[in-house]
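Report on the following structure.
The values are calculated or read from the model by the stated rules, or taken from the named source; none is laboratory data. Keep in mind it's a predicted model, so treat the numbers as computed, not measured. Here the Cβ is made from the backbone with ideal geometry for all residues, glycine too, and neighbour counts use every protein chain on show.
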Amino acid sequence: MPLWPVYTGTEEPHDGITRLPPPPPWRAFDGRPALDPPDEDADAAAVSPDRSHRAATYRATPRTVQLVNAALYLRRPLLVTGPPGTGKSSLVYAVARELRLGPVLRWNITSRSTLHDGLYQYDPLSRLYAARRTAGLPAERYDGAHGGSPGAGAGDESGVENHLRLGPLGTALLPYTRPRALLIDEIDKSDLDLPNDLLNVLEEGQYEIPELVRTARHRHHGRAEVMVDGTGERVPVEHGRVRCRAFPFVVLTSNGEREFPPAFLRRCVTLRLRQPDDRQLADIVRAHLGEPDAYARGLIERFLARAGAGDLATDQLLNAIYLAGASGLGAESLDDLAEQLMPYLGQTPQADAF
């Protein structure tokens with residue numbers, strides 16, 4: 001029987017993802033060959049201690065739980081917006097941990113990022129050098145006249161698949177039998193064209209690798225073994241085309257620094273995170289540092305009062321509370337330190353007076 005909610009926001013991992021109902025007819029995918037998901041134990045090596053801790057201590061609101069499940073059921077990307085420090089990027093790690101989706105694939109966006117970067121990287125120079133070695137010629141003497149075109153022989157060192165690696169988006173869209181988790185972080189920092197470029201790939205759940213399409217005609221089975229993001233493990237790709245089987249759980253984060261095209265927004269489930277209230281902050285502090293004492297509760301109240309006048313991040317509060325318990329400083333020194341640890345985001349620090 002289907003299970004709602006699949007993602008519950010609790011701390012205990014479970015296999016509820018296997019009880020998702022079939023996707024809507026317009027979001028059904030049939031990629032092949034079917035691939036087993038990566039070993040769950042690989043997650044420990046792939047995630048930094050910071051991310052692992054945040055995944056285990058993340059506290060989701062009821063609204064967050066509802067919209068994460070909507071994205072999972074509809075097989076749609078989840079666009080998460082909100083001020084810095086509200087847990088936008090931590091959410092995907094918490095969902096992957098609870099639903100046992102394996103290591104999170106992460107694509108950090110910059111103004112120079114392109115769709116190609118997310119799908120795969122191909123190094124033609126390393127392939128050329130490999131072809132020269134295969135022909136038994138020094139690099140400076142290879143002119144293409146010996147042994148045909150570089151990589152003509154499938155399976156040798158100069159084969160195109162040996163110089164190609166799937167990116168985080170390209171790996172997430174492989175035909176895994178269970179969804180992978182993909183974080184596309186700070187999409188609002190991208191070039192204006194990237195959201196539109198993502199539309200077709202996320203809508204169709206597939207893409208082509210032209211370098212493999214061209215060489216597939218020379219192989220009787222049309223299959224190449226390519227490296228994936230993160231582990232470097234090799235997986236089969238047939239005829240240079242990748243199509244997903246279980247649509248990945250895709251989280252795109254935005255700090256709200258720009259508007260997105262309506263066509264892009266229409267294809268996403270949108271979640272806006274807000275600054276936590278006093279009860280939520282206490283829950284967050286409790287999850288990270290244990291039951292807040294009287295001084296910590298005072299810092300929470302001060303944090304909330306200051307947050308009304310500008311942007312603050314929950315990390316700043318956690319840092320101040322941790323130091324209050326670990327430093328052994330007196331109350332007056334702690335108060336001064338807390339002020340320095342909780343400046344408004346974007347505020348330029350003032351130089352000390354001489």
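Exactly one residue out of ARG133, ARG180 is touching a Gly at 6+ places or on another chain (Cβ under 8 Å), at pLDDT 60 or above and basic (Lys, Arg), and it is ARG180. Look at region 6-18: where a residue is within 11 Å of ARG97 (Cβ to Cβ) and a partner is modelled with pLDDT under 90 and among the small types (Gly, Ala, Ser), sitting 6+ places away or on another chain with Cβ atoms under 7 Å, you get GLU11/ALA56.
When you check VAL65 against the structure, is it of a type outside the set (Gly, Ala, Ser) and crowded, with 23+ Cβ neighbours inside 10 Å, yes or no? No: the conditions fail for VAL65.
Output the number of residues of region 210-239 satisfying the condition of being among the small types (Gly, Ala, Ser) and farther than 15 Å from GLY159 by Cα. Give the derivation first.
Going residue by residue through region 210-239, those that are among the small types (Gly, Ala, Ser) are 216, 222, 224, 230, 232.
Adding the requirement that they be farther than 15 Å from GLY159 by Cα leaves 230, 232.
Within region 210-239, residues that are among the small types (Gly, Ala, Ser) and farther than 15 Å from GLY159 by Cα number 2.
Count of region 231-266 residues, restricted to those that are within 22 Å of TYR93 (Cα to Cα) and surrounded by fewer than 19 Cβ atoms within 10 Å (Cβ to Cβ), is 5.
Take SER254 and decide whether it is modelled with pLDDT under 90 and either in contact with an Asp or Glu (Cβ under 6 Å, 6 or more places away or on another chain) or polar (S, T, N, Q) (or both). Before you say what the answer is, go through the steps one by one.
Working: modelled with pLDDT under 90: no; either in contact with an Asp or Glu (Cβ under 6 Å, 6 or more places away or on another chain) or polar (S, T, N, Q) (or both): yes.
For SER254, the condition - modelled with pLDDT under 90 and either in contact with an Asp or Glu (Cβ under 6 Å, 6 or more places away or on another chain) or polar (S, T, N, Q) (or both) - is not met.
Scanning region 316-333 for residues that are in a helix (DSSP H, G or I) and at pLDDT below 90 yields ALA324, GLY325, ALA326, ALA331, GLU332, SER333. Counting only helices (runs of 4 or more DSSP H) wholly contained in region 167-267, the ones carrying 1 or more residues that are within 20 Å of TYR120 (Cβ to Cβ), in the same structural domain as PRO84 (by TED's automatic domain parsing) and among the small types (Gly, Ala, Ser) occupy 168-172, 210-216.
Tallying residues that are hydroxyl-bearing (Ser, Thr, Tyr) and touching a Leu at 6+ places or on another chain (Cβ under 6 Å) within region 199-231 yields 1. When region 97-120 is filtered for residues that are crowded, with 23+ Cβ neighbours inside 10 Å and more than 27 Å from LEU164 (Cα to Cα), the ones remaining, listed by number, are ARG97, GLU98, LEU99.
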